[in-house]
Amino acid sequence: MPLYEYYCEHCHGIFEEIRQMRDASDPSPCPECSREAPRMMSTFAAFTMRDGYPRRIPDKGTFWHMGKEVKQRAKRMKGFEHPELVKPKSRPRPGRGDIAAGRDKALSQYSEAGYRDKWGVDQYGFGTAKTAKRKKNRKTLGG
Ligand SMILES: [Zn+2]
């Protein structure tokens, strides 16, 4: 005989029942409160989202999140993702703005360095080896 799933609204839980196929759509008594529990339908996934996370009866201490069994209720969720069901994400890649900012910075550093080199001045304003060389050349030309 096939196994069917029933949902007890009173206990906020799901339980399985082996039944004749012809009886499957009939409600089944809940193992905890003996109330009539309706059979779970395929639309249950949407229903779970709205109503929270029903537990399994007999209670294994697990919860159900969008048709998947999870150990804990989701405390913090991004959308409908349960932390136990989400694969660890790779570190966030820099956004377009960050990349552009980094490129601008590199570019300005490069041009600054080029500027300093052109005038033979280091970052503190002192003459570099190139300046010394140039002065020597000037002396030769002038003399
Ligand atoms: Zn019940």
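Restricting the search to region 5-23, which residues are more than 16 Å from the ligand (Cβ to nearest atom) and either of a type outside the set (D, E, K, R) or modelled with pLDDT of 90 or more (or both)?
Ile18, Gln20, Met21
Among the numbered criteria (1) within 15 Å of the ligand (Cβ to nearest atom); (2) out of contact with any helix residue (DSSP H, G or I) (no Cβ under 9 Å at 6 or more places or on another chain); (3) at pLDDT 80 or above; (4) not β-branched (Val, Ile, Thr), which one does Asp59 miss?
Exception for Asp59: condition (3).
Do you know which residues across region 24-43 are at pLDDT 85 or above, more than 11 Å from the ligand (Cβ to nearest atom) and exposed (fewer than 13 other Cβ atoms within 10 Å of the Cβ)?
Ser25
The values are calculated or read from the model by the stated rules, or taken from the named source; none is laboratory data. Because the structure is a prediction, the values reported are computed rather than measured. Cβ coordinates were reconstructed from backbone atoms using ideal geometry, including for glycine residues, and neighbour counts include every protein chain displayed.
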